[in-house]
Amino acid sequence: MTGPDAGDDPVEIDCRELPCPRPVIELARALPSVAVGGLLAVVARDPAARHDVPAWCRMRGQEYVGEEAADDGAPRYVVRRLS
């Protein structure tokens, strides 16, 4: 697992209570608000998000940085905007 670079402050979206495919939909909606090179973190308890977020990044040409745990232990998936 790779975490975000030191000093980066990701924009975080809370998708803890959203079922599949909503975390990826919210990721797509939020990405334009992040500067190119910036980070976006999707916090989601939906088990499918573990596979969906990296797959979405591959399909959309974005960088999947890795998975972390949010303060409450929920999975937090970090994406870097490349374009």
(request) Could you work out, for the chain, what percent of all Cα-Cα pairs fall into each 10 Å distance bin, beginning at 0 Å and stopping at the bin that holds the largest distance? (result) 20, 60, 20, 0
(request) Return the FRET efficiency for the residue pair Arg22, Arg58: r is the Cβ-Cβ distance, R0 is 25 Å, and the value is rounded to the nearest 0.05. (result) 0.80
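I need to check one value: relative contact order of the chain, counting alpha carbon pairs closer than 8 Å and at least 6 residues apart, in percent. Walk me through the numbers on the way to the answer.
On the way: 155 pairs, mean separation 29.4, N = 83.
Value for the chain: 35 percent.
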(request) Work out from phi, with θ = phi - 60° and the Karplus expression 6.51 cos²θ - 1.76 cosθ + 1.60, the ³J(HN,Hα) of each residue of segment 74-83, listed in order in whole Hz, and give x for Gly and Pro. (result) 5, x, 10, 9, 9, 10, 9, 6, 9, 8
(message) If you roll a 1.4 angstrom probe over the protein chains with everything in place, what fraction of the accessible area of the chain belongs to carbon and sulfur, to the nearest %?
(response) 52 percent
(request) Describe numerically, in nm with one decimal, the distance between label points set 7 Å from Cα along Cα→Cβ at Arg29 and at Glu12. (result) 1.9 nm
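The values are calculated or read from the model by the stated rules, or taken from the named source; none is laboratory data. What you see is a predicted model, and the numbers here were worked out from it, not measured in a lab. Using ideal geometry, Cβ is built from the backbone for each residue, glycine included, and neighbour counts are taken over all protein chains shown. Just so you know, the surface numbers come from the protein's heavy atoms only, side chains and all, with ligands and any DNA or RNA stripped out. Shrake-Rupley method; radii C 1.70, N 1.55, O 1.52, S 1.80 Å.
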